[in-house]
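Here the structure is laid out as structure tokens; the discussion comes afterwards.
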Amino acid sequence: MTKKNTQPPSTRDFVQIADIRETVLILKNGSLRSILEVNSMNFELKSADEQVAIVRAFQNFLNAVDFPVQIAVSSRKLDINPYLKSLDEVIEKQENELLRIQAVEYTRFVRGLTELVNIMSKKFYIVVPFYVIESPAGKTSFFDALKSIFAPSKFLKTLSDEELETYKTQLNQRIDIIIEGIGGMGLGAKLLDKDEMMSLFYQYYNPGHSLSTP
């Protein structure tokens, strides 16, 4: 009697990313994604008129987008140990006794605060999708587009740099629309490159660790 291989699946089996090229994620289902990191604002600190203007700008942004987007929020516990370590180094070098005492009290306060509550850092992302089936007639035929749906793995292996550039151009058009739309709310955005996306997903699947890139 032979034993079946009962080895549990690895994390990689659950990750839908097949490849990352420049600023484009290529998923296992044959679709593409780009990720924008958006800065934040404190809405509550805005005046009533400013809040109304921001809400209207957001409404205009949604009305201008005729393709699906995903808005994601990443919340993680902030590691302030490096900050506390730098404070300790400043205290050791501080010659003014009064300033040194104040720095010690401040460091003690911060350490105590982190023991009582979790200090979180939040980052905001907009994920921009593109499906090859959307590509207009031209270099990519209708039957080639269907291959990305019914045989995504085979399609990915044959995806050339030229074809990727064609899809990337259309992705960039969507990105421009989003950047312009959120700009009306006073927000800026940064398009993540390959290294930044690798670091983002590595930290997501490996909490508490960071990816060191050369």
Name the residue that is modelled with the highest pLDDT, counting only residues in the stretch 20-47 that are under 20 Å from GLN170 (Cβ atoms) and open to solvent by 60 Å² or more (accessible area, probe 1.4 Å).
GLU22
Every pair of residues 6+ apart whose Cβ atoms lie under 7 Å, when the first sits in the stretch 112-138 and is modelled with pLDDT of 90 or more while the second is polar (S, T, N, Q) and open to solvent by 40 Å² or more (accessible area, probe 1.4 Å)
PHE124/SER40; VAL127/GLN70
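Here is a yes/no grid of residues against (1) of a type outside the set (Gly, Ala, Ser); (2) open to solvent by less than 90 Å² (accessible area, probe 1.4 Å); (3) assigned to a helix (DSSP H, G or I); (4) at pLDDT below 85:
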| residue | (1), (2), (3), (4) |
| --- | --- |
| ALA145 | no, yes, yes, yes |
| LYS154 | yes, no, yes, yes |
| LEU159 | yes, yes, no, yes |
| LEU164 | yes, yes, yes, yes |
| LYS168 | yes, yes, yes, no |
| ASN172 | yes, yes, yes, no |
| ILE179 | yes, yes, yes, no |
Regarding the stretch 52-75, can at least one residue be identified that is part of a strand (DSSP E or B), under 25 Å from ILE119 (Cβ atoms), open to solvent by 60 Å² or more (accessible area, probe 1.4 Å) and not polar (S, T, N, Q)?
yes
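The values are calculated or read from the model by the stated rules, or taken from the named source; none is laboratory data. Nothing here was measured: the structure is a model prediction, and the numbers come from that model. Cβ atoms come from the backbone with ideal geometry, glycine included; neighbour counts cover every protein chain shown. For the accessible areas, the whole protein counts, side chains as well, though only heavy atoms, and no ligand, DNA or RNA atoms are used. Shrake-Rupley method; radii C 1.70, N 1.55, O 1.52, S 1.80 Å.
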